[in-house]
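Asker: Take a look at the following structure, please.
Bear in mind these aren't lab numbers, they're just calculated from the coordinates by the rules spelled out. Nothing here was measured: the structure is a model prediction, and the numbers come from that model.
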Amino acid sequence: MMHFVRFLHLPIWGYTAVLPIFGAISVTETPTWTQLFSLLAVATAFHNYAYVLNDLIDLPIDRTQSLRKHYPLVCGAISEKIATVFVLLNLVAAYLFTLFITNDLVAFACLTMAFLLMTIYNFWGKQFAVPPSTDFIQGIGWGMLILFGATAVSSTVVLLTINIIVFIIIYILLVNGVNGALRDLENDQKHKAKTTPIWFGVNTLANQKRHLPKMFQMYAMCLQILLALVGLYLITQNQDYHLRNAYLLETKILFVVIVVAALAILAFILRSPHDVGKIFPWLMTSNICMLLMLFILLLPITNAFTFGVVLFVFIAPLLLADWVATFWQDQILLSKQRDT
């Protein structure tokens, strides 16, 4: 079972699944059942393609990464041939599922761009001289998945759609270029990969603790602030959003709370001397917290059914994550130690 979960990267499937739905929400308050579940099917195929292809390309490096020793491709539970066929089948499936929603050429072009940009990132993401540029390429790839969701259900793209795309691009710069790259720092350094932290001079000290230069800390914090400003712009300046949001005051309050929490968690990560094993749950918590900003902004402008679907597909898979179980086991152990 866990081989299946890890092979498909199921715990983070929800991150991908909600993106085209967010695109659809930006242009219509009431996506139909057919539209919702077809978008989920396309997102699932895209997710499988992007992550399994990445695993195939990074397999030589992953075999030297202790954190990935239980991954099915690394331990040989699933062969490279089967994984390759699986990737190609999902590429085809995404276009077939799209036909259930639309035959609009713009939607198909957006989906094609999403696949193309993710493929470019997967093959050359750690080879560019300026690594933030490849983080940006990946961000646009995910942004095109949002644009696909909007164009698949509507012929009109609104300012709200663009706001969401900009938010996700900045989010990917943080999640991939900062949090994810910090997690894989030692192994990336060993294989001379070009990632954003390495480019900024982040390194591991003799005691396995991280040294994060001030410029890297400023880069990460500026991105976090920029992310909050995009959301703030949406709440204060987008009149169409105001008309659709019947809970605008509540949205503003919750948004401020999550922004403060996200800034505090990122500050803790950047200032923490702990090694990656101890800080990893906080990296993942930071990823979730930042995406919650977008949830808070968008869920009040859609119907209850779509609201429920989005929450379920995002939250349920997270319960399958290894780090969730490990984190709570550690907390229980610490609690028992304090009691004794």
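Asker: Select from Thr306, Thr156, Thr134 the residue whose mean-square fluctuation is largest in a Gaussian network model of the chain (Cα-Cα springs shorter than 10 Å).
Answerer: Thr156
Asker: Now a separate question. Given the pairs Lys69/Lys252; Lys69/Lys126; Lys81/Lys194; Lys192/Lys252, which span a C-alpha to C-alpha distance of over 32 angstrom in this model?
Answerer: Lys69/Lys252; Lys192/Lys252
Asker: While we're looking at this one, here's another question. Quick one: which residues, 5 or more positions from Phe128 or on another chain, have an amide H under 5 Å from its amide H? H modelled 1.01 Å from N in the peptide plane, none for Pro or chain starts.
Answerer: none
Asker: Right, another one. Give a residue-ordered list of calculated ³J(HN,Hα) values for region 7-12 (Karplus: 6.51 cos²θ - 1.76 cosθ + 1.60, θ = phi - 60°; whole Hz; x for Gly, Pro).
Answerer: Ordered by residue, 3J(HN,Hα) equals 4, 8, 6, 4, x, 10 Hz.
Asker: Skipping prolines and chain starts, which residues have an amide H placed within reach, meaning under 5 Å, of the one on Val157, given they are 5 or more residues away or on another chain?
Answerer: none
Asker: Residue-wise, which Karplus ³J(HN,Hα) couplings in Hz belong to region 308-321, taking 6.51 cos²θ - 1.76 cosθ + 1.60, θ = phi - 60°, and x for glycine or proline?
Answerer: Each residue's phi maps through the Karplus curve to give x, 4, 4, 4, 5, 5, 8, 7, 4, x, 4, 5, 8, 5 Hz.
Asker: Follow-up question, since we're still on this one. Report the gain in length on full extension from Asp240 to Lys192: 0.36 nm times residue separation, minus Cα-Cα distance, nm rounded to one decimal. List each step's numbers first, then the result.
Answerer: Values: separation 48, 0.36 × 48 = 17.28 nm, distance 4.78 nm.
Length gained, Asp240 through Lys192: 12.5 nm.
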